[in-house]
Every structure is written in structure tokens, then in C-alpha cells.
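Heads up: the structure comes next, in C-alpha cells.
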Amino acid sequence: MQIGPHSLPSPVVLAPMAGVTNYPFRTLCRGFGAGLYVSEMITARGFLEGNGRTHLLASSRADEWPRSVQIYSSDPDAIGETARRLAAEGVHHIDINFGCPAPKITRHGGGSAIPVKPRLMARLVRAAVRGAGAVPVTVKVRKGIDDAVLTYLDAGRVAEEEGAAAIGLHARTAAQLYAGEADWGAIAALKATVRIPVLGNGDVWECWDALRMLRETGCDGVIVGRGCLRRPWLFAELAAVFDGREPASQPNFGTIVALMRKHCELLIAFFGPTAGIRHMRKWCLWYTSGFRGAARLRVDLPRIESLEEMLGLLGQLDPEELFPLDALRRRVAKDARRQEVRLPDGYLEAREDDASPPVGYETECDAVLAGG
């Protein structure tokens, strides 16, 4: 897969996920197979104002290549300057989020509401591409607001015209959130519309889903999100099937405990002892879900205060039990509800307007991200 000047040996992208795709988790995933591992989203506002948490989430280590950061802003000047600074820091790839469906963001005209106004989206992509210079810029969008307001084809044309190196499509609308099935037909339609690479996102739970998506849609790569939350070894399975090999069998619980230990150690080294353990608590629930006896630990695991306490609790379960196959397609972290997308008054009647939403609302965006 080619993204600008970067040739990636595997057409696999880790989806940016708030509270998830920090450097520790990216490191864990990268250990299983090559691909593009994108940071969780940061706001241009937070980055330019020197917010410590924002800079930490955008940070990396020398072992990470390519270094990829997803940014968000509705202000062309801010997004252009952020892209310029990230490129100067040595970032290899920048992605722009135009798909956030959070009500606190869309009600101000931000996030997934931006592609509703193609001229505004064009200003933002143009500014980021110019700021990034030789560093490739990609964009991530959803199908649209709802079934009545689809924006992804226009967004694809804008991205291509303004110099984006690729476009990723989460094949659901903002109204769907994570409910229902992803519309892979939309990915195929976008691929038929643009010449830049198209990355498909939605319902890649197993390695075979990725192969099927490529074959059915003709897309250039797959974006993996919730399917890897409790199974970072999914990237090893993807590497195998893209190399023409059979994937390995699912690991036993003892192997997963060793993986959890490494994950916890990485989180502690990156965030510090207290914050690292707090980050690990949700992962404990995800990793153990579906194993016999795990239900009785669900009260204590979210309260762990140390690596040793975590390992002590996990030691109560059978290390030889294999990962439950019925959990391969089980949804975690997000529910299946839908929503009515909130937009500013008169927003849909002013689709040719290229004015940015009020900048002040991005403080709410930072608050949404802080919640993970």
C-alpha cells in the first residue's frame, strides 16, 4: 500500500481511537505485523497551545515508523500550522478527522458535519497539505450525517483535488454511530469515484473480513478499529493472510496474560505508574471477557492499583483455556445505539458556506477526547 512516499508492506491501518491508540497500544500492535498505526486524535488547538496531554498523545519513540498522527480542527490556520510543526518534528504521516459524530462537536458544525460544507473542508485539507509539505496528509470521513445527507463522494473529490494522499471511509453515517452493518457498497462507490487510494473501515472483525473487503470493494487498504481492541494479535493474522499463509490458532489465556503484562508495563512507562494503571483497567475487562470465571473478577479488575494486583487476579483463571471463538465478532467499548445528529440552526441550508465554526467550541472537543 502506498501512502505518499511511503510504501507499506501490508495494506492495514489501525484506526485512531480515543483512549486506545496511544503509543503503548500502537507498539503492542506493531509487534504483530507491519502496517500504519495511527495515534488517537489530537486537536490542533490543544497542540498549538502547548497542552501537555495533547503533546504526550502525539509523541512517539525512535522505534516507531512510520510515525502517524491524527489531528482535528475546523480552523484552516490552526490545522495548517499544526501540520507544519508536526512535519518539522519528524512525523511521517498526518491524518485529518472529519468523522467525529459526538453531539458536542456536530452541534457546532464540527467533526462529521464539516464534509456537509465541501468548500470549508477544502480550505482545511488545503491548509494541512501546504503546512505538511512533503509529509503525506490523508483524511477520514463517514458516509454522511444520515441516509438523507450523504457526503462521502463529495468529500472524496475534495480530498483528491486538494492534494490528500488517500481517504479513509468509515462506511456508516454519523447517525448510525457504530450500529448496524457497515455499507461496504459505499466504499466501492468511493473507490470508483476517486483516483487516490481508498481505505475501507467498518466490520473488520477477523482477518477474513479484510480479504473480503478488498475483494468486494476494490479498496486499497483496510482500517481496523474495534476488532482489535481485545485482540492485538489480529494484526499477525492479517499479516499472514496477506502473505498467503494460514493464520495461527487463537492463543490461550496464559499467552494473553503475558500480553497484558507487557501492555501494562508499556502504559506505566508512558503515562506513569498511577495513570498507566488507570488506563489498564478497561483493558483488563476487554482482554478477559468471555473466559470462564472472568465474570467474578469484573468487580476487582476495574479497581486494580498495581501490575502485581492485576496478575494476582488473572492467576485465578485457567491459563490453558483458549480464546473463545464466539467472542471474535463480539462488540466491545461501543454500544449499538443510533442517534439524531445535532447540527447548528440553518446548517443544511448553507452548504456552500466556507466559514469555520466558532473556534471556542473546540474546548468541548478536548473534553470529549479526554473522556476516551
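Descriptive notes on the structure:
- Condition met for Phe270 (farther than 30 Å from Ser10 by Cα, touching a Phe, Trp or Tyr at 6+ places or on another chain (Cβ under 8 Å) and surrounded by 15 or more Cβ atoms within 10 Å (Cβ to Cβ)): no
- Any hit, region 68-83, residues being more than 19 Å from Phe98 (Cβ to Cβ) and surrounded by fewer than 24 Cβ atoms within 10 Å (Cβ to Cβ): no
- The set of residues from region 222-240 being closer than 18 Å to Gly99 by Cβ, more than 11 Å from the chain's Cα centre (by Cα) and open to solvent by 10 Å² or more (accessible area, probe 1.4 Å) is empty.
- Restricting attention to region 277-312, the residues that are touching a residue at least 24 places away in the same chain (Cβ under 8 Å) and farther than 22 Å from Gly19 by Cα total 5.
- Of all the criteria given as (1) touching a strand residue (DSSP E or B) at 6+ places or on another chain (Cβ under 9 Å); (2) under 23 Å from Asp209 (Cα atoms); (3) not in a helix (DSSP H, G or I), the one not satisfied by Gly290 is (1).
- When Ala248, Ala275 are screened for being under 21 Å from Phe25 (Cβ atoms), open to solvent by 50 Å² or more (accessible area, probe 1.4 Å) and among the small types (Gly, Ala, Ser), only Ala248 passes.
- When region 287-310 is filtered for residues that are surrounded by 15 or more Cβ atoms within 10 Å (Cβ to Cβ) and modelled with pLDDT of 95 or more, the ones remaining, listed by number, are Tyr287, Thr288, Phe291, Ala294, Leu297, Leu301, Ile304, Leu307, Met310.
- Reported count of residues in region 214-227, each being touching a helix residue (DSSP H, G or I) at 6+ places or on another chain (Cβ under 7 Å) and modelled with pLDDT of 95 or more, is 6.
- For the residues Glu206, Glu181, the requirement of being open to solvent by 30 Å² or more (accessible area, probe 1.4 Å), over 12 Å from Pro11 (Cβ atoms), of a type outside the set (Lys, Arg) and without any contact (Cβ under 8 Å) to a residue 24 or more places away in the chain singles out Glu181.
- The lone exception for Asp243 - which of (1) under 21 Å from Tyr178 (Cα atoms); (2) at pLDDT below 95; (3) surrounded by fewer than 21 Cβ atoms within 10 Å (Cβ to Cβ); (4) not polar (S, T, N, Q) it fails: (1)
- Tally, over region 60-83, of residues that are assigned to a loop (DSSP other than H, G, I, E, B), more than 17 Å from the chain's Cα centre (by Cα) and closer than 26 Å to Ser112 by Cβ: 2
- Qualifying positions in region 184-202 - out of contact with any Asp or Glu (no Cβ under 6 Å at 6 or more places or on another chain), open to solvent by less than 40 Å² (accessible area, probe 1.4 Å) and assigned to a loop (DSSP other than H, G, I, E, B): Gly202
- Of the residues making up region 1-59, those that are of a type in the set (Val, Ile, Thr) and part of a loop (DSSP other than H, G, I, E, B) are Val20, Thr21.
The values are calculated or read from the model by the stated rules, or taken from the named source; none is laboratory data. What you see is a predicted model, and the numbers here were worked out from it, not measured in a lab. Counting neighbours? That spans all protein chains shown, and the Cβs are built from the backbone with ideal geometry, glycine included. In case anyone asks, the SASA skips ligands and DNA or RNA and just uses the protein heavy atoms, side chains included. Shrake-Rupley method; radii C 1.70, N 1.55, O 1.52, S 1.80 Å.
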